[in-house]
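Report on one structure; see the data block that follows.
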Amino acid sequence: MSSPGALELIEAVLDEGSWRRWDEPVVAEPADPAYAASLARARERTGLDESVVTGEGRIKGRRVAVVACEFGFLAGSIGVQAAERLVRAVERATDERLPLLASPTSGGTRMQEGTVAFLQMVKITAAIGRHKAAGNPYLVYLRNPTTGGVLASWGSLGHVTVAEPGALIGFLGPRVYRALYGEEFPPGVQTAENLLAHGLVDAVLTPEEIPETLGRALRVLTAPRQVSPDRAVPGTAASDAHIEDVPAWESIRRSRRPGRPGVRQLLRQAATDVVPMRRTGPGEVYPGLILALARFGDAACIVLGQDRQNQAVGSPFSPADLREARRGMKLADELKLPLVTVIDTAGAALSREAEEAGLAGQIARSLQDLVLLDAPTVCLLLGEGAGGGALALLPADRVVCAQHGWLSPLPPEGASAIMFRTTRRAPEMAQAQGVRSLDLLRAGIVDRIVAEHPDAADEPDDYLARVAQVLEAELTGLLRRDPSTRLAARFARYRRLGL
């Protein structure tokens with residue numbers, strides 16, 4: 001397939017007329033005559049002086065920095081001069097607090113320059129690390145082909161990473177594999193679509209689709225991290241002052257209704273600028289969890305939600321889901337964006353595979369990451385909240401609970417089996433353990449309850465609208481607070497809970 005060149009891509013992605021080059025002339029020339037001749041031919045063929053083009057422009061009116069490879073220039077390979085140009089652009093984007101869009105297409109390190117070129121990936125990675133550490137968005141569009149050290153450094157560090165349809169993407173280039181092993185690399189493995197299926201990229205998009213998707217992402221990623229204490233908090237009438245006193249078992253029964261809306265419906269119907277993210281990093285598929293950028297009203301956030309729809313079809317909440325949850329927490333930490341966790345699970349996977357994949361350790365690390373997170377956090381207890389899989393997403397600055405949401409160490413049937421060797425006393429256990437929303441409110445575990453009339457499955461649209469209003473109010477309230485005071489209050493809350 002034919003991938004667009006660097007300037008063609010820039011023209012397709014950026015607002016018309018907004019592109020401005022940052023490139024400085026290349027001054028150092030190689031002493032090797034053969035290499036110098038190759039550079040001269042590449043310059044004549046492409047009209048460029050190096051394999052990297054840098055500059056700035058606008059996406060949907062928003063200013064961004066851009067670094068892009070030109071594969072026609074010595075296969076987009078990265079040598080000392082290309083790396084220096086790239087790093088200067090990254091550093092300028094960091095200094096000017098600009099989102100950075102990187103679009104590699106490369107065979108990797110420039111072989112004509114050897115080991116010194118290979119080591120350039122270190123300084124590129126360091127520059128991108130500093131850019132991200134400053135809270136600046138880093139977006140990656142992988143084009144055909146992207147291989148070798150480029151993929152193993154700046155091609156794999158994006159907050160959001162998307163790929164060109166049909167693109168060849170992999171660490172080991174097919175030509176090298178063929179030369180080393182005398183056979184072709186297995187077909188269909190190093191493709192954008194296969195990487196998407198294995199959770200290694202967030203989406204597969206054509207260049208023409210990039211502006212709309214990245215425009216939505218940037219509206220979230222560049223939202224204010226703090227708001228003035230004088231700014232009014234959005235209306236809070238969405239959570240009714242009076243909550244009907246419903247027995248615990250009745251709330252549990254209602255939370256399990258097939259028609260009850262979950263996080264998918266919440267994002268689809270009540271949020272805006274939603275950008276789903278599908279990448280775990282380890283190459284796992286995580287059907288039980290959704291990670292997305294989104295806005296509720298004016299409040300931007302990262303949403304990390306347990307997906308009742310997928311868990312209901314035989315894919316319980318798994319160690320892979322928890323690894324993805326921790327990716328969402330890391331994103332919130334790096335970007336200084338609020339995090340909304342959504343609990344809706346009948347319980348984590350109970351299987352040999354889950355044990356061997358370290359389920360307990362992932363729960364522990366998720367708890368630790370979340371309770372220590374610098375970013376503002378809101379937990380929404382949307383439905384079922386059974387066991388450690390639910391607890392892993394709970395410890396937030398503010399906890400909101402649906403009227404028929406609940407939280408317990410085990411499903412009530414499991415607690416009944418432990419206590420009485422039968423599941424028939426599950427309603428009794430639910431009542432005794434204080435699992436329902438009103439009990440959680442009285443215990444200080446949740447801060448607000450969103451009413452259901454009589455339950456969410458009967459009024460999904462109105463119910464989701466109320467939930468969205470409450471989330472906007474809670475997020476806005478947290479963004480008004482001093483970060484150090486907010487974090488200290490979170491620690492104190494969980495330190496004294498139950499005393």
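Which FRET efficiency, nearest 0.05, do Glu244 and Ala364 yield, Cβ-Cβ r, R0 41 Å? Calculated transfer efficiency: 0.65. List the residue ranges in the chain for DSSP H helices whose C-alpha atoms run 30 angstrom or more along the long axis and whose Kyte-Doolittle average is 0.0 or above. The qualifying helices: there are none. Spin-label pair Arg130-Ala488: with each label point 7 Å from Cα along the Cα-Cβ axis, the two points sit 3.3 nm from one another.
For region 69-178, taking Cα atoms only, Rg and Dmax work out to 13.3, 44 Å respectively.
Both numbers refer to the Cα atoms of region 432-499; Rg and Dmax are 14.9, 41 Å. Computed from label points 7 Å out along Cα-Cβ, the spacing between Ser18 and Leu410 is 5.6 nm. The Arg421 and Gln226 beta-carbon pair, evaluated with R₀ = 60 Å, returns a calculated FRET efficiency of approximately 0.65. The residues of region 150-191 present an accessible area of 50 Å² per residue when probed at 1.4 Å with all protein chains retained. Cross-link partners of Lys336 among aspartates and glutamates, defined as those whose alpha carbon lies under 12 angstrom from its own and excluding same-chain residues fewer than eight positions apart: Asp374. Normalised per residue, the accessible area of region 358-479 is 34 Å², obtained with a 1.4 Å probe and no contribution from ligands, DNA or RNA.
Measuring with a 1.4 angstrom probe and ignoring ligands and nucleic acids, Trp249 comes out at about 80 Å² accessible.
In region 13-100, the DSSP beta bridges split such that about 90 percent are antiparallel, to the nearest 5. Surface composition of the chain: carbon plus sulfur atoms hold 55% of the accessible area, using a 1.4 angstrom probe and ignoring ligands, DNA and RNA.
Take every DSSP beta bridge whose two residues both sit in the chain; close to 40 percent of them are antiparallel.
Peptide packing for 50-57, 172-179 was compared via the average number of neighbouring C-beta atoms within 10 Å per residue; ordered from the highest value, the list is 50-57, 172-179. You can think of it this way: the chain between Leu7 and Asp458 has 157.1 nm of extra reach, that is 0.36 nm per residue less the Cα-Cα gap. The label point for Arg178 and the one for Glu91, both projected 7 Å from the Cα toward the Cβ, are 4.0 nm apart. For region 149-205, the square roots a ≥ b ≥ c of the C-alpha gyration tensor eigenvalues yield an a/c of 1.5 or more together with a/b not exceeding b/c, which makes the shape oblate. Accessible surface comparison of Thr222, Thr485, probe 1.4 Å, protein chains only, largest first: the order is Thr485, Thr222.
As a calculated quantity, the FRET efficiency between Met111 and Ala197 at R0 = 30 Å, using C-beta atoms, amounts to about 0.40. Translational diffusion of region 393-485, estimated by Stokes-Einstein from the Kirkwood radius over alpha carbon pairs at 4 °C in a medium of 1.567 mPa s, is 86 µm² per second.
The values are calculated or read from the model by the stated rules, or taken from the named source; none is laboratory data. Note that this is a predicted model, so its numbers are computed, not measured. Backbone-built Cβ (ideal geometry, glycine too); neighbour counts: all protein chains shown. When the accessible area is computed, the model is the full protein with side chains, heavy atoms only, and any ligands, DNA or RNA have been set aside. Shrake-Rupley method; radii C 1.70, N 1.55, O 1.52, S 1.80 Å.
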